[in-house]
Amino acid sequence: MRFVLLLLAVLCLAVPALASPDALDIRPPILKHEDKSGAIGKRMYYLLQRQLGADIREQLRFGSDSPLPERFVNATDGAQYHEREIRPIVSLISSGAIILRFGNFDERTAGISRAHSERIIVDLIPVFAAHHTVNNPDKKSWWWGNEWQSAFWAGELARGAWLLHDRLSPETRQNVAKVIAYEADRFLQGPAPHNEFLDTKAEENAWNSQALALAACMLPNHPHRDAWDYKAREYMVTAFAAPQDLGSDRVVDGKPLKDWLLGANVHRDYTLENHNIFHLDYETTYGLNVENAVAYGLAGLPVPQAALFNADKCREIAKLFTLPTGCMAYPMSTDWSLYRNDVTVQAQDPGGLMPDPIGLRCLTWTLDSLQRADNPGPPHSLFGFNYECTPLHVFSKAYLIYRLYGAGGEPASEEDTLRRLSGTKLLPNGRVVVCRSTQGIASFSWFNTGGQLCGVVMPMSDAYATVSGPRSLIGRIGDKLDPIRIASREIGSLSGGGFSVGLALERGPEYGVKERVMMLALPDGRVVYNEWFDPASAFTGPMSTGLLYVEDKPFWLRDDTLRIAHPGGVWAGDPSALVLEGEKTPWLNVANRLGIVLRGAKKITYSARQLALNYVPAGDRPSDCMTAIFYPNTDRQATARANDLVGVSSQGDALLVNLGDVRVILNPTDEPVEVTLSGKSLTLHPLHGVVESPALAAVSGQP
């Protein structure tokens, strides 16, 4: 009944009148909490201080009388500022307040004194509160607010002001209260949005829920307090709702899911789409929901169940793709960065609210990477990608969650984590299949026929050899990504572990090139990749297929130089392109971590991080079949030995790839073929593969 009355109250709200002064009284936060973060919290706090010092120097006029950047000091009257201007500064306010209020601040670590840091943050709060549109209605100076992400920025400002409540004047407190109330009120008029395809509303709902939750927790006397609290739960529970939740009787925060929800924001397999792709960076934004636990904890209130709704399901996907580098193994090209440590931090936000020893080990990988990036001397950004201080605000809130609610135990061991994360997962809605082992990770994405049509193979290591990129393995015909049509497709998990992918493609200018592609991942990490070209195809431009994106940054190579070994020697960063052909093409080794054995490749080229295993110059024709076998976590000597064992031959219309201890049979045709496996006849379906191996339980059947 309480939720029914609240719902009626929400629906009846018109544009709110200004609240009475008492309604804008901010409840002081409860700051005296036992530090439950343990050893992992100490590591996080040290790194946070380093990042704070770096971001203050990068974003503000460090050492000036006013810390405000020039764009604010020299702003024209009436100028509206947006994300690029507002978000980094309010993120500094929130994160700086967390770091100052919790933990033993060390000026040698941060490169700035505690008094100076506090003066900067306290000076910024009244400026950004006063320039919000609710406190600056005539817009006689620069202003911000009342736009797509402004509720999230208001939440960052309000959180920082709340934590430094006793350092602010009564006028500033009231201005902050008006800002968070104004932005929270914007969401009281309609239902939480939803969109399952192309552009999820998951992360938007989650970040907007923060303004609602903060308003409810900070302003207990406000007449909209209960409406904000109700709406915060609605936005949280809707954020990561899947289709199967829409009719569910499961009760979350006193109400069945079917009564909370109007639509889904994630797919049935809990993948989500944003920016028109399956996007791992947004898969982890359930952390934005979890971060609301901070507001409720500081107010002395229980954490809503909605804050953790479906976080466990999405976290399993995030862990599957988390590498010992502390970053994600993206199964397709991404539009942000391949080196987003902040994403892997956010993935483990639940901490003690949802204990997970494997997740803690994943977080430890990230902390190890950040620790390695920290050099003596003045602080500098530790994160591979630092967009608008996002890493700092993600990391600071994760730290505060762990401080308030604990880490949930000790991290699992390295060995146990790698073993338990191993396995094969088909994500049909995300259009990705992945096979993870203790040695490597292989994936194939068919999300679209653009840059996201990808096969990726990476070693399981704390250093990279390869990364994902547009059309990994599939490559291109011509100087840019060529148009592709998928004529037929067969993808599935193998019964003994691993996966098999088969595609019939029409590609290139006027779709004049006919190609068959097959990729078979074994559960031990090895991968067999094959491509066949119809000799009747119209070959016009240069072809770069079997395309790998190679890591060349010394930091991600563990402070090493990229080396590509082959039977004729070692290429080690020579500025000229690497070209191999003829007797030099049987095998390669990348960064002494990824072995590749080749058959049927005419020419190999490497330039600008792109290694084409099957390069065909314009005017030439490819071989009918090219085979590449990948051996992750394999050095140069072991690759050469593996090369001696490999044989490729025909078995009727099928292809037999003999690895020595394993035989793989592939059918690239449109018709079933009869093959012999373990002395028995077997019908192999079109575009399917099978595996025969004593070590892999005899026969791993076709999908």
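How far, in nm, would the chain grow between L198 and D106 when pulled straight, counting 0.36 nm per residue and subtracting the alpha carbon separation?
Extra length from L198 to D106 when fully extended: 28.6 nm.
Angle check, please: helix 38-59 long axis (alpha carbons) against the longest principal axis of the chain (alpha carbons), in degrees 0 to 90, nearest 10.
Taking the Cα atoms of the chain, the angle to 38-59 is about 80 degrees.
How many Å² of accessible area per residue for the chain, probe 1.4 Å?
35
Nearest 0.05, what FRET efficiency do Y387 and A39 give at R0 = 35 Å with Cβ-Cβ as r?
FRET efficiency, Y387 to A39: 0.75.
Of K255/K313; K480/K553; K139/K201; K36/K397, which ones are farther than 19 Å apart at the Cα?
Cα-Cα > 19 Å for K255/K313; K480/K553; K139/K201; rest within.
If I stretch the segment between R419 and L301 completely, what's the gain in nm (0.36 nm per residue apart, minus their alpha carbon distance), one decimal?
38.6 nm
Once Lys and Arg get +1 and Asp and Glu get -1 on their Cβ, which of Y402, Q348, S445 lies farthest toward the positive end of the dipole of region 323-455?
It is S445.
In what sequence, highest mean first, do 230-236, 91-97 appear when ranked by Cβ atoms within 10 angstrom?
230-236, 91-97
With axes computed from alpha carbons, what is the tilt in degrees of helix 390-405 against the longest principal axis of the chain, rounded to the nearest 10 within 0 to 90?
70
How much FRET efficiency would the formula 1/(1 + (r/R0)^6) give for D374 and R641, where r is the Cβ-Cβ distance and R0 is 30 Å, rounded to 0.05?
Approximately 0.15, to the nearest 0.05.
Consider just the alpha-carbon atoms of the chain and return their Rg together with their Dmax, both in angstrom.
27.7, 86
Where a ≥ b ≥ c are the square roots of the eigenvalues of the C-alpha gyration tensor, would you call region 67-180 rounded, which needs a/c under 1.5, or, failing that, prolate if a/b is larger than b/c, or oblate?
prolate
Go through region 116-153 and name the trypsin sites (Lys or Arg not before Pro) that are in a DSSP coil and have 10 or fewer other Cβ atoms within 10 Å of their Cβ.
K140
Given a 1.4 angstrom probe, I'd like the percentage of the accessible area of the chain that is carbon and sulfur, rounded to a whole number.
On the chain, the fraction of accessible area on carbon and sulfur atoms equals 51 percent.
Once phi is turned into θ = phi - 60°, what whole-Hz ³J(HN,Hα) does the Karplus curve with 6.51, -1.76 and 1.60 give for every residue of region 652-669, x standing for Gly and Pro?
So the J values, rounded to whole Hz, are x, 8, 8, 10, 9, 10, 9, 9, x, 9, 9, 10, 10, 10, 10, 10, x, 8.
Taking N as the number of residues in region 172-317, what is its alpha-carbon radius of gyration divided by 2.2 N^0.38 Å?
Working: Rg = 14.8 Å, N = 146, 2.2 N^0.38 = 14.6 Å.
The reported ratio for this selection is 1.01.
With each label point set 7 Å from Cα along the Cα-Cβ vector, what nm distance links A538 and V570?
Result for the modelled spin labels: 4.7 nm.
When the chain is fully extended, how far beyond the present Cα-Cα distance does I486 get from A618, taking 0.36 nm per residue of separation?
45.1 nm
Let me know the Kirkwood hydrodynamic radius for region 588-703, please, with Cα pairs as the basis and the value in Å to one decimal.
After inverting the mean inverse Cα-Cα distance, the result is 15.7 Å.
Summing -39500 (n - 2.57) over the DSSP H runs of n ≥ 4 in the chain and dividing by its residue number, what mean residue ellipticity at 222 nm do you reach, to the nearest 500 deg cm²/dmol?
Calculated from helices alone, the mean residue ellipticity at 222 nm is -10000 deg cm²/dmol.
Not counting ligands, DNA or RNA, and with a 1.4 Å probe, what is H131's accessible surface area in Å² rounded to the nearest 10?
Accessible area of H131: about 40 Å².
The values are calculated or read from the model by the stated rules, or taken from the named source; none is laboratory data. Everything numeric in this text was worked out from a predicted model, so none of it was measured. Quick reminder, even Gly has a Cβ in these numbers, built from the backbone with ideal geometry, and neighbours come from all protein chains shown. Quick note on the areas: whole protein, heavy atoms, side chains included, nothing else; ligands and nucleic acids left out. Shrake-Rupley method; radii C 1.70, N 1.55, O 1.52, S 1.80 Å.
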